[in-house]
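Every read-out reported here was derived from the displayed coordinates using simple, explicitly stated rules and does not represent laboratory data. None of these values were measured; they are calculated from a predicted model. FYI the Cβ positions are ideal-geometry reconstructions off the backbone, even for glycines, and counts take in every protein chain you see.
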Amino acid sequence: MSASRRQRRRVRDDDLREQAPVDIGSEPSPAAPTYPRRRSGRTSGQAQPEHGAPAEPRRGYRTSKRSTKAGKRARRQQRIARARTEVEERVRSARAAVGRFLKALARGILASALVVALVIGSAMAINAVARHLAKRAAERAASPEAVKEQAKDNLLVIGTDPNAGTDFLAVRLDRGKKQITGIAISDGAFMEVPGQGFERAGDSFKAGPETSLATISNYLGVLFDRYVVVDKQTYQDALTSQSLAGLFEKVTDTNLSESELKRTAEFADSLGPDRVALAPLPVRPINMGDQTYFEPQRDKISDLLLAWWGVKVGAEEARVSVVVYNGAGVPGIAGDVAQRLIREGMRVVDTKNADRFDYAQTLIVEQREGSDAGEQIQRILGVGKVIVQPSDQDVADIIVIVGRDYKPGKE
């Protein structure tokens, strides 16, 4: 062992000897544990309750334990009661909120319904007024005076050939716009011919140009009361060249006066092909035995009718529709009545024989209530008895049964 190590050890031993000695035997022993003693309701020196007197509440460990459980139970019940109260309060609040929302929603729906009803009512009122005004305008346009005024610019060019049939060119001479417009109608076009029923349009010329005027007027809804007759080749040349220049120099028959014919010829000669528009009437071929008819497609020229004559396809309800029956047994009498009605702006749907030919008086049967068309026809014919007999049929507004009191050709 080295000297330094021995020196350090002697110092440590000296330090230990200098410390005070510890008396191990004098250290106190730990105290014995104490436990709570069991308490009894009866203690020495305590007075006992008399018999029948209420006992004092017990005190002690078990009593305090039971009271602690009761307190916990009470506190738990209080918490449950508070929670139940909070839930009920929230439910009431939610119900109140839902009620307010439903009331607001109901008010909103009611307001929206009122607005929608107001808008619909206003639209219906505006529509009713517009329809009423349109109907009044259509009635004024379809009045005999307006129809005759419009007819001053209309002319029916009839191109005929004994071997090739008869074609028609319904033209409008618009001197204001300096133009001529027209629709070409072929011989085989199938339409109502007054006094003959549904026949070829060209067959109407067999009964005379007046019947042709009535046929074309009735079909187009435009009155034509003036005509010129030319040969078929002149007619075809006018269609090919799109010009009526020189046509009136080849007229073979007309109801125009010399001055009217001259003035019309001068107007036609002054216009070049760029101021003339002649369109064919679209037709659909129909084969009936050895005969071929052509069904006119009037709706396909609706734009032309509207632009040139102001006639709207599908608006025929503005014109009085009539069915004419021959109840007198006189040949051609129904056609004569039909032509007179057409010249007054009415639309003849059909002409045929009545169930018998012994009608002494002409009957004018109104199929619609609240109409004065029957009295108007009575004034046109000069005879007849007006009968109001409402019907659900939609063929015609008026049925005319021509009796023996009507005299043909008497205006």
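Quick notes
- Karplus-based coupling profile of segment 292-302, in residue order and whole Hz: 10, 10, 10, 7, x, 9, 5, 5, 7, 10, 4, with θ = phi - 60° in 6.51 cos²θ - 1.76 cosθ + 1.60 and x standing for Gly or Pro.
- Just so you know, the averaged projected area of the alpha carbon convex hull for segment 83-141 sits at 3.7 nm².
- Ascending count of other beta-carbon atoms within 10 Å, so fewest first, for F294, F168: F294, F168
- Cβ-Cβ FRET estimate between K152 and S241, R0 fixed at 22 Å, reported to 0.05: 0.25
- Order of K69, K250, K232 under a 10 Å beta carbon neighbour criterion, fewest first: K69, K250, K232
- Taking 31 Å as the limit for the C-alpha separation, the pairs K262/K407; K152/K312; K312/K407; K152/K250 exceed it in the case of K262/K407; K312/K407.
- Computed FRET value (nearest 0.05) for R84 with L114, which takes r as the C-beta separation and R₀ as 60 Å: 0.85
- Hits among lysines - C-alpha to C-alpha of K72 under 25 Å, sequence gap 8 or more where chains match: none
- Put simply, segment 319-411 fits an ellipsoid with semi-axes of 18, 14, 12 Å; these come from the alpha carbon gyration tensor as the roots of five times its eigenvalues, largest first.
- Gained length - K385 relative to K312, 0.36 nm times residue gap less alpha-carbon distance: 23.0 nm
- Put simply, the amide H of F294, placed in the peptide plane, has neighbours under 5 Å in A189, F190, I286, leaving out anything fewer than 5 places away on its chain.
- Ranked for footprinting exposure by Cβ neighbours inside 10 Å, fewest first, L156, L118, L256 give L118, L256, L156.
- Using θ = phi - 60° and Karplus 6.51 cos²θ - 1.76 cosθ + 1.60, couplings along segment 348-358 (whole Hz; Gly, Pro as x): 8, 7, 7, 10, 7, 7, 7, 5, 7, 10, 10
- Amide H contacts under 5 Å for Q179: D174, restricted to partners 5 or more places along the chain or on a different chain, H placed in the peptide plane at 1.01 Å from N.
- The simple spin-label model puts a point 7 Å past each Cα toward its Cβ; for T292 and S93 those points are separated by 9.1 nm.
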